[in-house]
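Below: one structure, written as structure tokens.
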Amino acid sequence: MIVEPEEGKTLNFIEQIIEEEIAAGKNGGKVHTRFPPEPNGYLHIGHATSICLNFGLAAKYNGACNLRFDDTNPSKEDVEFTDAIQEDIKWLGFQWDGPVRYASDYFQQLYDWAEQMILEGKAYVDDQTAEEISAGRKTITEPGVNSPYRDRSVEENLDLFRRMKNGEFPEGSRVLRAKIDMAAANMLMRDPIMYRIIYCSHHRTGDRWCIYPMYDFAHPIEDAIDGASIRCTTLLMDKVTISKESLIRSVRWNLRFIGRFTIGFWIS
């Protein structure tokens, strides 16, 4: 629904983009936003800005706004924070659409797609330390170097990844990386980490998992599954966004619903 601005008022740049998308018939004219905090602390003023923006846009255009907790790091998250965040959203005068969502709702699906990436030669298990991986990415003025484990066979990678899931390796000993481009100008594109080993009980899934998806891998896929048509993020995510979109492209084979995930705003 196109909303006419009140007399004497003009649309801001976000509303202008939304109006153009609606007029073009994208996403069936719907406006579907989301507020996806990590439940690792209490909200601050920046979160309040995001809440008002995302819930406010959904309300203005008769759309929907999801609340989804990106609970992918159990070592820093707690139900205390999920409860507090929900209370704060209500205190600000907003109500999310549908049930509260969690990244952990999709852990099995994310794992299955990670295996699919391995099968298609788009991901590999790396035995390097965090320091070695960081050093291998080099600098913005020089290309990175391939991991010595980058060319492992599909069979070996699949076996190692499943053994990671089964708890056969120490924490920090192995990670799953996306095979993208170690010479990419954006250093975040240089084979980003998709999964790491963490031996820590999760506040929702308990001890079922000992490998957890990285935020940059999980986040855009969750948005697509949830049907978000608009993603409003802050300057913090400005550079990371490129890696998110590339990861989406690399799992394109099975994300037929990705067509719903077409509008993105990065607010600076």
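The values are calculated or read from the model by the stated rules, or taken from the named source; none is laboratory data. Keep in mind the model is a prediction, meaning the values are calculated, not measured. Don't worry about glycine lacking a Cβ; one is built from the backbone with ideal geometry, like all the others, and counts go over all protein chains shown.
What to note about this one:
- Scope the range 127-137; condition exposed (fewer than 14 other Cβ atoms within 10 Å of the Cβ) and farther than 17 Å from Ala183 by Cβ; matching residues: Thr129, Ala130, Glu131, Glu132
- Yes/no for His47 being touching a Ser or Thr at 6+ places or on another chain (Cβ under 8 Å) and closer than 22 Å to Pro220 by Cα: no
- Members of the range 140-184 found to be of a type in the set (S, T, N, Q), closer than 18 Å to Glu120 by Cβ and exposed (fewer than 13 other Cβ atoms within 10 Å of the Cβ), listed by number: Ser153
- Residue within the range 63-80 that is at pLDDT 95 or above, part of a helix (DSSP H, G or I) and among the small types (Gly, Ala, Ser) present: no
- The requirement of being at pLDDT below 95, over 18 Å from Ser104 (Cα atoms) and surrounded by 14 or more Cβ atoms within 10 Å (Cβ to Cβ) is satisfied by Met189.
- Counting only residues that are acidic (Asp, Glu), surrounded by 14 or more Cβ atoms within 10 Å (Cβ to Cβ) and within 19 Å of Phe217 (Cβ to Cβ), the range 96-126 holds 3 of them.
- Residue satisfying condition, being of a type in the set (A, V, I, L, M, F, W, C) and closer than 24 Å to Pro213 by Cβ, within set Phe69, Phe55: Phe69
- Pairs where the first residue, in the range 93-111, is among the aliphatic types (A, V, I, L, M) and the second is assigned to a loop (DSSP other than H, G, I, E, B) and buried (at least 19 other Cβ atoms within 10 Å of the Cβ), C-beta under 7 Å, 6+ apart: Ala103/Asp70; Ala103/Asp71; Ala103/Thr72
- Flag if Trp96 is out of contact with any Gly (no Cβ under 9 Å at 6 or more places or on another chain), part of a loop (DSSP other than H, G, I, E, B) and among the aromatic types (Phe, Trp, Tyr): yes
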